[in-house]
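Everything below concerns the one structure shown next.
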Amino acid sequence: MSLNAWERETVITFNDGEPHAVVTTWQPSIVTKLSRNPAAERIEDLQFDKLAGATFRIPKDLISFRTGKRELSPERRAALAEQGRRSLAARSNSRVTMQESGAAAA
């Protein structure tokens with residue numbers, strides 16, 4: 001017998017008095033993500049039949065609750081696109097400058 005989709009849950013517990021949250025999960029993808037996160041401390045391994053779960057302690061400031069998808073006006077979308085293009089161009093220019101200065105130093 002294994003856990004069904006409704007039973008493979010993730011529970012996040014935190015309060016105002018402690019700096020960490022406790023995450024208990026039976027979802028394999030969440031176990032993997034938290035295992036790879038250097039800020040997450042694995043505090044307990046869980047086993048049910050062949051399913052592995054885990055409990056982690058993680059700084060609660062890494063817990064985020066996102067709101068729904070934002071609807072952008074065409075003007076705001078265009079402004080954000082232009083901002084992204086400028087940012088990308090600035091990063092590209094700084095890489096070229098760094099490469100040129102590295103070549104000059106060699």
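Here segment 42-64 is the region considered, the condition is being aliphatic (A, V, I, L, M) and under 17 Å from the mean Cα position of the chain (by Cα), and the residue that is modelled with the highest pLDDT is I58. The C-beta contact set for segment 17-42 (first residue touching a residue at least 40 places away in the same chain (Cβ under 8 Å), second residue part of a loop (DSSP other than H, G, I, E, B) and of a type in the set (F, W, Y), distance under 8 angstrom, 6+ apart or interchain) comprises H20/F14; A21/F14.
Scanning segment 1-16 for residues being in a loop (DSSP other than H, G, I, E, B) and either free of Cβ contacts under 8 Å to residues at least 12 places away in the same chain or hydrophobic (A, V, I, L, M, F, W, C) (or both) gives a total of 8. Taking the conditions exactly as written (small (G, A, S) and out of contact with any strand residue (DSSP E or B) (no Cβ under 9 Å at 6 or more places or on another chain)), does S35 satisfy them or not? Taking the combined requirement at face value, the residue does not satisfy it.
The values are calculated or read from the model by the stated rules, or taken from the named source; none is laboratory data. Values in this document were obtained by computation on a predicted structure and should not be read as measured data. Positions of Cβ are generated from backbone atoms using ideal geometry, with glycine treated the same way; all protein chains shown enter the neighbour counts.
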